[in-house]
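Since every read-out is calculated from the coordinates, none of them should be taken as a lab result. Just so you know, these numbers come straight off a predicted model, no measurement behind them. Cβ: placed from backbone, ideal geometry, glycine included. Neighbour counts: every protein chain shown.
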């Protein structure tokens, strides 16, 4: 299929439809609005439902209902809106329902700003809502990868009966790149969901629920969830390693930051510095084996983030503190520059001033 | 042998956790009888709330979805949009519907979601220990209003049915009570009309049922029924607040 030029947010919308999603519930917020704008006209074309909810909370609870009754459903938002969704996300994880949540991150905390950010890493990866639950968190770094990630997100959601978050940022949502779209999935071929609430016709009733008043039952339920997360850790990690075979310094970043880091790595290589890039594509599960492999020659590791040091904690933890892990980040909608990252690479490999 | 009374198919044999004298049991039964009579048990998906009826999914013998506090109308919206041919209802209390879930119920009604809401108003938070509800009457004692609700500091009780009746998306809004057998019969008729409105695709329907809470009102079951009649009905007048012309009851 020929490539088409699409904006990230719109490409995500089209990819969702092609992945068999027919139900979108959302609330307006910058910088993800092009996604609902696109789906508002596109979903009815394919017999789907686009519903602008009264709040982020209502939107995620509509997803909760739709997912519970067997549909591929999604919502999208940006940082402050995703905070509001956390209650529903915890319920969806607790009730073990598949769905996809997009977060086109902007700067925080509070109302923050409307320019790109990556400061929701902890919220996405460590929980955010209440209780011991995990989201599968996918972090694409290009419009093409966002398209590919959407199909993968729905597959993983169904495989694990677990909510999946696509953690993007304002840059990825807003930028245009050529993409090759996948074929339209036939919704008749989607996985069968015998547990869904579809009306108890000639079967015992199905109950979608996250309440377990008996402590033993609730503990057992939690242990079952943990076993599922452990399986994700074993089977679902994804990452890109670039020029890491002989790298003495490995720069680590995800999403837009990784693109900046990659350019800095190229420039460093041009100057004879053995630099490489490690880009986690799954943030949970974190690609531990992959990062260990990528950093096996490294004397230094540098994370580049649009936050003030969140990813860096997981990098240190997963490398088991065996290599010095440094941090460089910009926030508030400020984006790290290639020059600044290159300066940090040089400082760490050759000494000198901090960027 | 002629069977004159039996458990509706739409109720499970589970023993409920409701307190003695609580009218939730009556209201559950009415909903179940209506679903049986309409022959839609296998086509119905119920949404349970947070509050005393949080375990309703154990009592209704049909597909059920347990929602977060106040969010039942949003969950029901998601279900109904996926299954427009199914019957979807929410069963909610007054804390759930008129406090933490006010936005969800107002907008579900405004959108004209083709769902039915059974709104049980007992003027108190039961499950969490008798706290003041948005529907608690002026002067009524609650654990968080130990001297009685004071309008000056705690404001006024909300008449949700009257508010919802102003919305164009609402097809049928009525308030009933279950304090005596005559009213129970009327309540059942109203619940049936509400489900019929949904089946006819007319829009959003809601039946507010005035209910007792002997435990948290600190009254015997009989005195509670009398208290409902004498105190709640004057503030929450019974009757149809809105009905599309063709189904006026």
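Mind listing just one residue for me: the one in segment B:77-97 that is out of contact with any helix residue (DSSP H, G or I) (no Cβ under 6 Å at 6 or more places or on another chain) and facing chain A (nearest Cβ under 7 Å) and, of those, nearest to residue A:58 (Cα to Cα)?
Looking at the filtered set, the residue picked out is B:81.
Tell me, which residue of segment A:40-80 that is part of a loop (DSSP other than H, G, I, E, B) and more than 11 Å from chain B (Cβ to nearest Cβ) is surrounded by the most Cβ atoms within 10 Å (Cβ to Cβ)?
Looking only at segment A:40-80, we keep the residues that are part of a loop (DSSP other than H, G, I, E, B), and these are A:46-48, A:53-55, A:69-72, A:78.
Subsequent filtering for residues that are more than 11 Å from chain B (Cβ to nearest Cβ) retains A:46-47, A:78.
Working: A:46: 13, A:47: 8, A:78: 28.
Step by step, filter segment A:40-80, then rank; the result is A:78.
Quick check on segment B:107-117: of everything there that is buried (at least 19 other Cβ atoms within 10 Å of the Cβ) and at the interface with chain A (Cβ under 9 Å from one of its Cβ atoms), which residue is farthest from residue B:128 (Cα to Cα)?
Initial filter on segment B:107-117 (buried (at least 19 other Cβ atoms within 10 Å of the Cβ)): B:107-109, B:111, B:113-117.
Filter once more, so that each one left must be at the interface with chain A (Cβ under 9 Å from one of its Cβ atoms): B:107-108, B:111.
Values: B:107: 26, B:108: 26, B:111: 31 Å.
Once the filter is applied, the top-ranked residue is B:111.
Are any residues in segment A:89-129 touching a residue at least 40 places away in the same chain (Cβ under 8 Å) and assigned to a helix (DSSP H, G or I), and if so, which ones?
Matches in segment A:89-129: A:89, A:90, A:91, A:92, A:93, A:94, A:121, A:122, A:123, A:124, A:125.
Which residues, counting only those in segment A:153-183, are within 14 Å of residue A:31 (Cα to Cα) and not in a strand (DSSP E or B)?
Across segment A:153-183, the qualifying residues are A:170, A:171, A:172, A:173, A:174, A:175.
Residue by residue, here is whether (1) free of Cβ contacts under 8 Å to residues at least 60 places away in the same chain; (2) under 19 Å from the mean Cα position of the chain (by Cα); (3) surrounded by fewer than 24 Cβ atoms within 10 Å (Cβ to Cβ) holds:
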| residue | (1), (2), (3) |
| --- | --- |
| A:253 | yes, yes, no |
| A:263 | no, no, yes |
| A:289 | yes, no, yes |
| A:293 | yes, no, yes |
| A:311 | no, yes, no |
| A:314 | no, yes, yes |
| A:317 | yes, no, yes |
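I'd like the residue in segment B:32-41 that is buried (at least 20 other Cβ atoms within 10 Å of the Cβ) and farther than 21 Å from residue B:108 by Cβ and, out of all such residues, is farthest from the other protein chains (Cβ to nearest Cβ). Lay out the reasoning, then the answer.
Pass one, segment B:32-41, residues buried (at least 20 other Cβ atoms within 10 Å of the Cβ): B:32, B:34-35, B:41.
Those still in the list that are farther than 21 Å from residue B:108 by Cβ too: B:32, B:41.
Values: B:32: 13, B:41: 7 Å.
Applying the filter and picking the extreme gives B:32.
Might you let me know whether segment A:116-126 holds any residue that is crowded, with 24+ Cβ neighbours inside 10 Å, within 16 Å of the chain's Cα centre (by Cα) and within 14 Å of chain B (Cβ to nearest Cβ)?
For segment A:116-126, residues crowded, with 24+ Cβ neighbours inside 10 Å, within 16 Å of the chain's Cα centre (by Cα) and within 14 Å of chain B (Cβ to nearest Cβ): absent.
Among the residues of segment A:167-218 satisfying the criterion of being surrounded by 21 or more Cβ atoms within 10 Å (Cβ to Cβ), touching a helix residue (DSSP H, G or I) at 6+ places or on another chain (Cβ under 7 Å) and away from chain B (no Cβ under 14 Å), which is farthest from residue A:4 (Cα to Cα)?
Residue satisfying both the conditions and the ranking: A:167.
Filter segment A:1-39 down to residues that are over 15 Å from residue A:184 (Cα atoms) and either assigned to a strand (DSSP E or B) or within 17 Å of the chain's Cα centre (by Cα) (or both), then give me how many there are.
Qualifying residue count for the region: 14.
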